[in-house]
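Q: One structure coming up, written as structure tokens, with questions to follow.
The values are calculated or read from the model by the stated rules, or taken from the named source; none is laboratory data. Worth saying up front: this structure is predicted, and the values here are computed from it rather than measured. As a convention, Cβ positions derive from the backbone with ideal geometry for all residues, glycine included, and neighbour counts pool all protein chains shown.
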Amino acid sequence: MYSGVPAQTVDGLEAQRVTIEKLQAGDTNATPHVSAFAESFAKKLWGDLYFDDSTRKFSRKPIGDRPKRSFVQFVLEPLYKMFSQVVGEDPKDLEMTLRELGVRLKKSELQLDSGPLLRLVLQQFFGPPTAFIDLCVSRLASPLTNIQRKVENIYTGMLSWVNRD
């Protein structure tokens with residue numbers, strides 16, 4: 001289904017998903033670990049980089065007559081394939097495809113309309129939708145603690161009223 005995606009990529013994404021789930025469950029020993037391969041691969045997803053299937057290397061020059069950037073090839077196309085299969089595939093075939101991806105659904109869930117079914121599949125594949133919010137809460141400064149810096153950097157008027165501690 002995901003031809004051309006290195007097996008190490010799938011393993012790395014699975015490890016990151018498990019780490020996020022542990023952090024959400026409150027496991028204080030779970031530390032986000034990104035392998036050197038994952039960091040290198042993530043950098044190659046952005047910009048004008050192309051993956052050559054024959055040599056299994058990245059290049060800055062477009063390869064072939066219809067080149068696809070690495071982000072399109074490794075992120076967007078697999079997502080589009082998943083969407084199209086969930087929306088348009090027969091439930092029996094879909095069950096087999098989802099099982100290969102590690103997504104297990106009940107028979108009654110496979111009979112749902114495409115919208116709720118797609119939501120269930122994506123939630124099981126990517127984890128709960130709270131990961132992005134949790135990331136923002138853990139990484140971004142609170143508005144109350146960040147307001148003085150924002151005012152000093154953005155506001156161009158007189159700052160005599162700002163409380164400087």
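Q: Can you tell me which of Ile147, Ile133 is hydrophobic (A, V, I, L, M, F, W, C) and under 15 Å from the mean Cα position of the chain (by Cα)?
A: Ile133
Q: May I ask you to list pairs of residues, at least six apart or on different chains, whose Cβ atoms are under 9 Å apart, with the first in the stretch 96-109 being at pLDDT 85 or above and the second being loosely packed, with under 11 Cβ neighbours inside 10 Å and of a type outside the set (A, V, I, L, M, F, W, C)?
A: From the stretch 96-109, the pairs are Leu98/Arg104; Glu109/Pro116.
Q: Within the group Arg99, Arg104, which residue is assigned to a helix (DSSP H, G or I), within 24 Å of Val121 (Cα to Cα) and of a type in the set (Lys, Arg)?
A: Arg99 is the lone residue from the list that is assigned to a helix (DSSP H, G or I), within 24 Å of Val121 (Cα to Cα) and of a type in the set (Lys, Arg).
Q: Return the pairs, sorted by first residue and then second, in which the second residue is modelled with pLDDT under 80 and of a type in the set (S, T, N, Q), the first residue lies in the stretch 125-149 and is under 19 Å from Val103 (Cα atoms) and part of a helix (DSSP H, G or I), the beta carbons are less than 9 Å apart, and the residues are 6+ apart or on different chains.
A: Between residues of the stretch 125-149 that are under 19 Å from Val103 (Cα atoms) and part of a helix (DSSP H, G or I) and residues that are modelled with pLDDT under 80 and of a type in the set (S, T, N, Q), the close pairs are Ala131/Gln24.
Q: Yes or no: Leu105 surrounded by 15 or more Cβ atoms within 10 Å (Cβ to Cβ), in contact with a Leu (Cβ under 9 Å, 6 or more places away or on another chain) and farther than 30 Å from Phe41 by Cβ?
A: So Leu105 does not fit the description; no.
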